[in-house]
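Engineer: Structure incoming, see below.
The values are calculated or read from the model by the stated rules, or taken from the named source; none is laboratory data. For clarity, every value in this text was computed on a predicted model and none was experimentally measured. Positions of Cβ are generated from backbone atoms using ideal geometry, with glycine treated the same way; all protein chains shown enter the neighbour counts.
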Amino acid sequence: MSIPTADIEVPAHVRALARGAAIAPVWLNGIGGLTFRTDDARYIKWGPLDPEASMRDEAERMRWAHTFTTVPQVLEQGQDAAHEWLVTRAVDGRSAVDPHWSDDPATAVRAVGEGLRALHDTLPVAECPWDWSVETRLANATERGVEIPDDLRTAPEIDLLVVCHGDPCMPNTLLTDDGRWAAHVDLAALGVADRWADIAVAAMSTEWNYGPGWSDALIEAYGLEPDRERLEYYRRVWNET
């Protein structure tokens, strides 16, 4: 994932969704999907159909989560034979990997850990209609043709069931300019699972974005001591399925 150049070609459908507003590219993902910001405070996501993390799924989950916590408001969502799109209302805040935070990873890591804990404490498990358990994830991976290592088939005992973000990497938490968590984005995989499924990925993502040494700081900000067994297991599930 990266920040695209300003001269990137804007798809015609994105221009139509902008409805005359000025647009600027802000994000390019690994499968060619693009995110644009408009000058009237909207975000437009556009990209190839992705059955593993569809924008339809994301829109449904954001509409549900919006009742309980701060996530972008869904304005439009749709798809055609090859592409899908999602339009949301902008939320005040910058991604934890925004250049603004490049020289202050300690603040960003702390805010992401605190924000993840707030998400887990706020979203109601009993009311969540989606599942992100190990069993579901391994079954989905098997359907995609992934060969599951035998030692991944037995998960650690559940510590605490929460509504997990599902993709809690650093870019998906927005921060206020004074360094507090503001909102969460990219919720296409949101669902009920053990909290360490999220914590492990969030902690691992600190290494991708800021280098080694920040993983335990995120877990401390969340409010726990590192559980090495669960961290290792859920990192492997993420990386190998």
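Engineer: Specify the residue that is modelled with the lowest pLDDT; the eligible residues are those in region 5-27 that are within 19 Å of Leu174 (Cβ to Cβ) and surrounded by 14 or more Cβ atoms within 10 Å (Cβ to Cβ).
Structural biologist: This residue is Trp27.
Engineer: Okay, moving on. Among the residues of region 218-229, write down those that are under 16 Å from Ser205 (Cα atoms) and either of a type in the set (Phe, Trp, Tyr) or in contact (Cβ under 8 Å) with a residue 24 or more places away in the chain (or both).
Structural biologist: Selection gives Leu218, Ile219, Glu220, Ala221, Tyr222.
Engineer: Can I ask one more? I'd like to verify a number: residues in region 82-98 that are part of a loop (DSSP other than H, G, I, E, B) and not acidic (Asp, Glu), how many?
Structural biologist: Here the count works out to 6.
Engineer: Counting just the residues of region 204-222 that are over 18 Å from Asp104 (Cβ atoms) and in contact with an Asp or Glu (Cβ under 8 Å, 6 or more places away or on another chain), which one comes out surrounded by the fewest Cβ atoms within 10 Å (Cβ to Cβ)?
Structural biologist: The selected residue is Tyr222.
Engineer: Considering (1) within 16 Å of the chain's Cα centre (by Cα); (2) assigned to a helix (DSSP H, G or I), say which one Val162 fails and leave the rest.
Structural biologist: Of the numbered conditions (1) within 16 Å of the chain's Cα centre (by Cα); (2) assigned to a helix (DSSP H, G or I), the odd one out for Val162 is (2).
Engineer: Considering only residues of region 99-141 that are part of a loop (DSSP other than H, G, I, E, B) and of a type in the set (S, T, N, Q), which is farthest from Trp208 (Cα to Cα)?
Structural biologist: Among residues in region 99-141 that are part of a loop (DSSP other than H, G, I, E, B) and of a type in the set (S, T, N, Q), the one farthest from Trp208 (Cα to Cα) is Ser133.
Engineer: Right, next: Take region 28-46 and flag every residue that is surrounded by fewer than 19 Cβ atoms within 10 Å (Cβ to Cβ) and part of a strand (DSSP E or B).
Structural biologist: Leu28, Arg37, listed by residue number.
Engineer: Next up: Being surrounded by 11 or more Cβ atoms within 10 Å (Cβ to Cβ), without any contact (Cβ under 8 Å) to a residue 60 or more places away in the chain and more than 18 Å from Arg230 (Cβ to Cβ) is the filter here; which residues of region 141-158 pass it?
Structural biologist: Passing the criteria: only Thr142.
Engineer: Could you list, in sequence order, all residues of region 225-241 that are over 16 Å from Cys164 (Cα atoms) and either part of a loop (DSSP other than H, G, I, E, B) or basic (Lys, Arg) (or both)?
Structural biologist: Glu225, Pro226, Asp227, Arg228, Arg236, Thr241
Engineer: Would you say Ala96 is aliphatic (A, V, I, L, M) and surrounded by fewer than 17 Cβ atoms within 10 Å (Cβ to Cβ)?
Structural biologist: Spelling it out, it is not the case that Ala96 is aliphatic (A, V, I, L, M) and surrounded by fewer than 17 Cβ atoms within 10 Å (Cβ to Cβ).
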